[in-house]
Amino acid sequence: MARNDLNGKRVAILATDGVEQVELTEPRRALDAAGATTIVVSPAAGKLKAWQHDHWGDEIPVDRPLSEAKPDDFDALFLPGGVMNPDRLRTNKQAVQFVKAFFQVGKPVAAICHGPWMLVEADVVRNRSLTSWPSVQTDIRNAGGDWVDRDVVTDMGLVTSRKPDDIPAFNRKMIEEFAEGIHTATKVETRTTTEIRR
């Protein structure tokens, strides 16, 4: 991938305590290497505590409190996984609205593992193809999404992957979609099957 694909792009990383550490740090490193400015947005104060496989991991500084974050200030959104992280965020109305705002204007979004729970809560998966950690597939289908078992799925600026093993493929597609910027066909009912790329 070109190192400067994302020069000038500002990417919000929405996360809170319990985020799966590698699913935040590895994609963030790839975004930074591609020239993006990444900003951790969180309702957690000052720092959030990451989860590492089966135990608590590192503390990650919060760059901007969710209460002060405006979707208009960002070009793209990245939602890392971990079970606790999206489960806590999806009960936060401000976090859900933050996610929804990116879809309303067609800005690209990437989510991995349990991260798509936030997409379900924001009601933005209807008529979209996506993937996730397998335990989230029923939620996605019940919300009107088409769940597929693949390392990475791209659908009109939305990039999703299943698990940490998928991170290399996820990073490549995320950078590609974030570089493309706003997708004009934001209303799902206007899309055709040829616009759904996997």
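Readers should treat all values here as calculations from the given coordinates under stated rules, not as data from a laboratory. Predicted, not measured: the structure shown is a model, and the values here were computed from it. Cβ atoms come from the backbone with ideal geometry, glycine included; neighbour counts cover every protein chain shown.
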* Structure fact -> Placing +1 on each Lys and Arg Cβ and -1 on each Asp and Glu Cβ in the range 1-107, then taking the dipole about the Cα centre, the residue among A12, T37, A69 whose Cα reaches farthest towards the positive end is A69
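Arrange the peptides 53-62, 69-78, 157-166 so that the one whose residues have, on average, the most other Cβ atoms within 10 Å appears first.
Top to bottom by mean Cβ count within 10 Å: 157-166, 69-78, 53-62.
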* Dipole moment magnitude, nearest 20 debye, the chain about Cα centre, only Lys, Arg, Asp, Glu C-beta charged -> 340
* To do: Tell me what the chain gives for mean residue ellipticity at 222 nm when only DSSP H runs of n ≥ 4 count, each as -39,500 (n - 2.57), the sum divided by the residue total, rounded to 500 deg cm²/dmol.
  => -8000 deg cm²/dmol
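Among M174, M84, M118, what is the fewest-to-most ranking by other Cβ atoms within 10 Å?
Numbers: M174 30, M84 16, M118 26.
Placing the least packed residue first, the sequence is M84, M118, M174.
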* **Per residue convex hull volume, Cα atoms of the chain, in Å³** => 101
* Extension gain (nm, one decimal) between D123 and D165, 0.36 nm per residue minus Cα-Cα -> 12.4 nm
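Which of S67, S132 comes first, and how do the rest follow, when ranked by fewest Cβ neighbours within 10 Å? If you can, show how the numbers build up before the last one.
Working: S67 8, S132 30.
In order of increasing Cβ crowding within 10 Å: S67, S132.
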* To do: Run the quick spin-label model on D146 and E68: label points 7 Å from Cα toward the beta carbon, then report their separation in nm to one decimal.
  => 4.3
